[in-house]
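Colleague: I have a structure here, written as structure tokens, and I will follow up with some questions on it.
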């Protein structure tokens, strides 16, 4: 049953969002890059742990990792989703080193977007990727993209699904839920099939691969 939002509630939520935008501006980030999560924060700010996907401040992170994370912590964010993993490192730092930077600032890493290479995630790097993310204590590891050359055939999508099931199985042994961040191209037609419905939903194991 839906309830009507009062004018007072609307104004309170709007004011929280506005204050969040002002704070972001003063911290040096563009206001539109930080989600406000205003409704929940307005109801009970002390009990709501704000989370931030670091992809939204990717330019700042590329310039100054420690400084950007400190600004994020000072703004009140408690949880992070990472968006740069490559060569066994997170934003250029070894897993333990990066985790210490975040922990010292009073934040926790909940999830991570993986680095996607030209061939996508392979079984050869899945174990290494799992080990590195386990060192951070993440709960989720997400495949955020599929390069265009891998979207040309049904066979390619079927291979992705089969490989992702195996990657999910590997990550599950370390307590990490593997996932996929879908976009719009999965709903297009490839060789008479719609990948989202005809391949991913049909062939991905829901116990091993979750959707975002």
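The values are calculated or read from the model by the stated rules, or taken from the named source; none is laboratory data. Computed from a predicted model, the values in this text were never measured in an experiment. For neighbour counting, all protein chains shown are included, and Cβ atoms are generated from backbone atoms with ideal geometry for every residue, glycine included.
Colleague: Among the residues of region 164-194, count how many are in contact with a strand residue (DSSP E or B) (Cβ under 9 Å, 6 or more places away or on another chain) and exposed (fewer than 14 other Cβ atoms within 10 Å of the Cβ).
Modeller: 1
Colleague: Continuing with the same structure: Out of region 60-81, which residues are in a loop (DSSP other than H, G, I, E, B) and surrounded by 13 or more Cβ atoms within 10 Å (Cβ to Cβ)? Walk me through it before giving the result.
Modeller: Filtering region 60-81 down to residues in a loop (DSSP other than H, G, I, E, B) leaves 64, 75-76.
If the condition is that a residue be in a loop (DSSP other than H, G, I, E, B) and surrounded by 13 or more Cβ atoms within 10 Å (Cβ to Cβ), then 75, 76 are the ones that fit.
Colleague: Could you list all residues from region 195-212 that are surrounded by fewer than 17 Cβ atoms within 10 Å (Cβ to Cβ), outside any helix (DSSP H, G or I) and in contact (Cβ under 8 Å) with a residue 40 or more places away in the chain?
Modeller: Result: 205, 210, 212.
Colleague: Taking the options 124, 149, name whichever one is out of contact with any helix residue (DSSP H, G or I) (no Cβ under 8 Å at 6 or more places or on another chain), free of Cβ contacts under 8 Å to residues at least 24 places away in the same chain and loosely packed, with under 14 Cβ neighbours inside 10 Å.
Modeller: None of the other options fit; the residue is 124.
Colleague: Would you pick out the residues in region 82-110 that are in a loop (DSSP other than H, G, I, E, B), surrounded by 15 or more Cβ atoms within 10 Å (Cβ to Cβ) and in contact with a helix residue (DSSP H, G or I) (Cβ under 6 Å, 6 or more places away or on another chain)?
Modeller: Matches in region 82-110: 83, 91, 105, 107.
Colleague: Let me ask something additional. How many of the residues making up region 129-163 are at pLDDT 90 or above, in contact with a strand residue (DSSP E or B) (Cβ under 6 Å, 6 or more places away or on another chain) and either under 20 Å from residue 82 (Cβ atoms) or not in a helix (DSSP H, G or I) (or both)?
Modeller: Final tally of qualifying residues: 7.
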